[in-house]
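All remarks here apply to the structure that follows.
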Amino acid sequence: MAADLLKDSPLKTVQVEALVVMKIIKHCSQTFPTTATGFIVGMDVSSQLQVTNSFPFPTVDVPQTDGHHDSNAASNLAAAAPRAKANAVYQAEMIRKLREVNVDANNVGWYTSANLGNFVNLNMIENQYYYQKELNERTVALVYDVSRSSQGSLSLRAFRISPSFMIAYKEGRFTTESLQKSGLRYQDILHELPLTIHNSHLLSSFLHTLPKSPSQATQPPSLSTLAKQPPPLTPNLTTSLTLNIDPFLSQTSDLLLESIEAHHTELNNHQYYQRQLAREQTKITAWQQKRKAENASRALAKQTPLPEDEWTRLFKLPSEPGRLESLLNSRQVEQYARQVDGFTAGVSAKMFAVRGNLLPGVGIEER
């Protein structure tokens, strides 16, 4: 009874072992810029999901076209790998072998790589929907941003699909009417869970032996000694205080503009559908009025009235385009906007710090 109550409690946090983080980083960095995917195993303890191991999905060789390797095809195959039948068999076999050696072997989700936060797409939604619906409802998707992490700031996040979006995706109706009834917004697609990294006792002991500040580190006597014994992990002040504009800020801004253009394209498609629908409805209304007038004249002549529902056979209303792509694109625009806000915070702080040197006329009182 107690175990059932613990299982029914909603997930609140995700705990990932440091070894799993290193394995995900290695796999995603080696395959970059191609998308990397894999599955994760662990334990579900009350409201916390503990990730204790990870395994990459087997790579599929893409046939070369005209002697060139198609990177887009490889990325598409890797992005769809979590829900492939062959990989489902691979996961089951790996879990069976892990149970034989008495290791945590519960399927708790999957992971994928991203480039500058570009991960909100149909493949990601289909993969997570497959895991939450078919394999285990209490699963998460770990997203590792390779480009963002390359600057020394680890970007590893955990996401789940919200229950409201699970219902809407199961029904497969993303029309304007259905979205208005359900009240589903693009903010309700994904739910991010707080993520913590758990270190083993040996790793924690090693980290405590590292110097806490550069002043505690001993200076090497010569360059040869420095080459043989690299310095410990200390902050790089040169990189932190550089005044150059963050290159990822400009790249994220370009991606943001592309997403906004895609949003305008979806909006134009919907407006075109509304114009087509209005034209067809005008034709139907005119036909119905004409048929009513004919039936009125036939009634006066004591003739059999003509059917008034023939318009369903004569006219065909255009089908409304799905709004799923628009929802996902809006969620991606929000992701890019948050990244731009994060990038500009550091750059703005540096600019204000050196404002007096850049503008000699500005005094301390004005600052």
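The values are calculated or read from the model by the stated rules, or taken from the named source; none is laboratory data. Everything numeric in this text was worked out from a predicted model, so none of it was measured. Cβ: placed from backbone, ideal geometry, glycine included. Neighbour counts: every protein chain shown.
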task = Take the stretch 106-134 and flag every residue that is buried (at least 18 other Cβ atoms within 10 Å of the Cβ) and assigned to a helix (DSSP H, G or I).
result = Asn123, Met124, Ile125, Asn127, Gln128, Tyr131, Gln132
key: Selection status of Leu142, surrounded by fewer than 19 Cβ atoms within 10 Å (Cβ to Cβ), in contact (Cβ under 8 Å) with a residue 12 or more places away in the chain and not aromatic (Phe, Trp, Tyr)   = no
message = Being in a strand (DSSP E or B), over 19 Å from Ser330 (Cβ atoms) and over 14 Å from the mean Cα position of the chain (by Cα): is that true of Val103 here?
response = no
task = Taking Asn76 as meeting all but one of (1) closer than 26 Å to Asp254 by Cα; (2) surrounded by fewer than 16 Cβ atoms within 10 Å (Cβ to Cβ); (3) at pLDDT 85 or above, write down the number of the exception.
result = (3)
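Residues being in a helix (DSSP H, G or I), over 23 Å from Pro321 (Cα atoms) and under 53 Å from the mean Cα position of the chain (by Cα): count how many of those fall in the stretch 274-309.
Here is the first cut: in the stretch 274-309, the ones in a helix (DSSP H, G or I) are 274-300.
Narrowing further to those that are over 23 Å from Pro321 (Cα atoms): 285-300.
Then drop every residue that is not under 53 Å from the mean Cα position of the chain (by Cα), which leaves 285-289.
Result for the stretch 274-309: 5.
Out of Gln332, Gln281, Gln276, report the one residue that is surrounded by 15 or more Cβ atoms within 10 Å (Cβ to Cβ), under 30 Å from Thr175 (Cα atoms) and among the polar types (S, T, N, Q). Even if it seems obvious, please write down each step before you answer.
Values: Gln281 fails: surrounded by 15 or more Cβ atoms within 10 Å (Cβ to Cβ); Gln276 fails: surrounded by 15 or more Cβ atoms within 10 Å (Cβ to Cβ).
Selected residue: Gln332, the only one of Gln332, Gln281, Gln276 that is surrounded by 15 or more Cβ atoms within 10 Å (Cβ to Cβ), under 30 Å from Thr175 (Cα atoms) and among the polar types (S, T, N, Q).
If I filter the stretch 316-329 down to residues being of a type outside the set (Lys, Arg) and touching a residue at least 60 places away in the same chain (Cβ under 8 Å), which single residue comes out as surrounded by the most Cβ atoms within 10 Å (Cβ to Cβ)? Let's see the steps before the verdict.
Start the filter on the stretch 316-329 by keeping residues that are of a type outside the set (Lys, Arg), which leaves 317-322, 324-329.
With the extra rule that they be touching a residue at least 60 places away in the same chain (Cβ under 8 Å), the set shrinks to 320, 322, 324-329.
On the way: Glu320: 14, Gly322: 13, Leu324: 18, Glu325: 17, Ser326: 20, Leu327: 23, Leu328: 21, Asn329: 21.
In this case the residue turns out to be Leu327.
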